[in-house]
Amino acid sequence: MRVGQSARPSGSTPPDGRAVYLVTSADQPTLGEDDQLLQQALAAAGVPVHVAVWTDADVDWAGSAVCVVRSVWDYHLKPTLFRRWLTAVGEVTTLLNPPSLMAWNIHKRYLMQLAALGAPTIETVWITRGTRVALAALLAERGWTEGLVKPAISASAWKTAKVSAGDQDGQRLVEDILQHTDVMVQPYLNTIERDGEISLVAIAGELTHAARRASALTSSIATTRRGDTHTILEEERRLATDILALLPTVPLYARIDLARDERGRLRLGELELIEPVLYLRHSPYALQSLVAELVSYTSAIPVSPTLDGAQTPRSGRGADST
């Protein structure tokens with residue numbers, strides 16, 4: 001399925017009209033290890049591919065057929081700048097995932113919205129930036145022996161920690177985060193520490209594969225980014241499919257992170273639409289599907305404006321709405 005297509009200003013079409021830009025961060029100038037597989041596969045398919053750092057002011061974003069956000073693992077440190085970048089780049093080229101989806105996905109309040117639509121999320125207490133809270137009292141009120149504290153805008157387990165009542169480091173962490181963004185407090189699921197999380201990957205709306213990954217609190221980030229092959233259970237497939245169906249448009253890529261609570265029930269941990277590792281090493285099929293989707297963007301595709309100014313592809317592969 002074709003995902004959001006943005007209009008390109010007149011005269012800004014690149015000479016070959018085929019370049020794919022893979023977007024990364026300054027501390028990952030050659031992309032993450034998993035995304036290097038995508039770069040190599042695109043090149044093997046004969047597609048001009050360039051790696052571009054999103055904060056590099058010298059990049060000509062209009063010179064691409066499509067920009068794909070990949071190893072942008074610092075966006076949470078500059079969320080305001082990143083939102084501006086999404087808007088600016090989305091105005092001059094096709095940006096994937098669609099800017100509106102990525103902007104929505106920056107703050108984890110999206111989990112509140114998905115929960116309101118019926119998604120089984122993990123119970124969460126939201127603490128607004130600038131307020132004060134006694135962590136021990138919060139945990140006692142909820143009956144949680146241990147909790148998980150994390151920023152509402154974060155990536156790669158940044159400022160995320162397991163806490164318990166009377167944990168002064170946990171209290172200081174909450175106070176530190178609240179100077180920058182909202183805080184999420186959840187019950188700590190020992191099942192994640194024991195069994196890890198299941199990350200289901202979807203390419204253009206199709207679930208292609210899954211990986212089991214260790215908790216970033218008990219393993220290195222490098223280990224979690226590698227993951228292990230996981231055979232998708234039917235229960236996991238149904239839930240991931242239902243969650244994707246709640247989105248207003250089909251993303252090029254999505255990762256649905258699931259975990260089981262203490263009663264064995266599947267819960268949505270996160271729906272990753274910005275820069276998730278896609279575990280492409282575990283699925284040649286997913287890699288080729290992603291390449292095929294991007295190849296289709298390397299030739300001009302007519303678009304027609306909708307009433308609100310958004311752009312909708314004329315082809316039958318247009319963005320779906322629920």
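Taking each residue of the stretch 158-177 that is modelled with pLDDT of 85 or more and looking for partners that are not in a strand (DSSP E or B) with beta-carbon atoms closer than 6 Å, six or more apart or interchain, yields 161/173; 162/188; 162/217; 163/170; 170/135; 171/135; 174/135; 177/159. Read through the list (1) within 16 Å of residue 129 (Cβ to Cβ); (2) of a type outside the set (Lys, Arg); (3) in contact with an Asp or Glu (Cβ under 6 Å, 6 or more places away or on another chain), then give the number of the only condition that residue 164 fails. Answer for residue 164: the failing condition is (1). Among residues that are touching a residue at least 40 places away in the same chain (Cβ under 8 Å) and either small (Gly, Ala, Ser) or under 28 Å from residue 223 (Cα atoms) (or both), residue 33 is included. Of all residues in the stretch 221-236, none satisfies being among the β-branched types (Val, Ile, Thr), under 23 Å from residue 152 (Cα atoms), in contact (Cβ under 8 Å) with a residue 24 or more places away in the chain and part of a loop (DSSP other than H, G, I, E, B).
Rundown of residues vs (1) over 15 Å from residue 271 (Cα atoms); (2) in the same structural domain as residue 249 (by TED's automatic domain parsing); (3) assigned to a helix (DSSP H, G or I); (4) touching a residue at least 12 places away in the same chain (Cβ under 8 Å), yes/no style:
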position	(1), (2), (3), (4)
101	no, no, yes, yes
114	no, yes, yes, yes
130	yes, no, no, yes
136	yes, no, yes, yes
140	yes, no, yes, yes
144	yes, no, no, yes
147	yes, no, no, yes
150	yes, no, no, yes
154	no, no, no, yes
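Within the stretch 27-48, the set of residues being in contact with a helix residue (DSSP H, G or I) (Cβ under 8 Å, 6 or more places away or on another chain) and surrounded by fewer than 16 Cβ atoms within 10 Å (Cβ to Cβ) comprises 30, 33, 45.
For the stretch 116-123, the criterion of being over 24 Å from residue 247 (Cα atoms), in contact with a strand residue (DSSP E or B) (Cβ under 9 Å, 6 or more places away or on another chain) and either surrounded by fewer than 20 Cβ atoms within 10 Å (Cβ to Cβ) or modelled with pLDDT under 95 (or both) is satisfied by no residue at all.
The number of residues in the stretch 33-50 being over 14 Å from residue 67 (Cα atoms), in contact with a Lys or Arg (Cβ under 7 Å, 6 or more places away or on another chain) and in a loop (DSSP other than H, G, I, E, B) comes to 0. Taking the stretch 70-105 as the range and being aliphatic (A, V, I, L, M) and surrounded by 20 or more Cβ atoms within 10 Å (Cβ to Cβ) as the test, the residues that pass are 72, 86, 89, 95, 96, 101, 102. Here are the criteria: (1) under 25 Å from residue 73 (Cα atoms); (2) among the charged types (D, E, K, R); (3) outside the structural domain of residue 226 (by TED's automatic domain parsing). Tell me which single one residue 169 does not satisfy. Failed condition: (1).
Residue selection: residue 258 fails the criterion of being at pLDDT 90 or above, of a type outside the set (Ser, Thr, Tyr), closer than 25 Å to residue 186 by Cα and part of a loop (DSSP other than H, G, I, E, B).
The values are calculated or read from the model by the stated rules, or taken from the named source; none is laboratory data. Small disclaimer: the values here were computed from a predicted structure and weren't measured. Note that each Cβ is placed from the backbone with ideal geometry, even for glycine, and that neighbours are counted across all protein chains shown.
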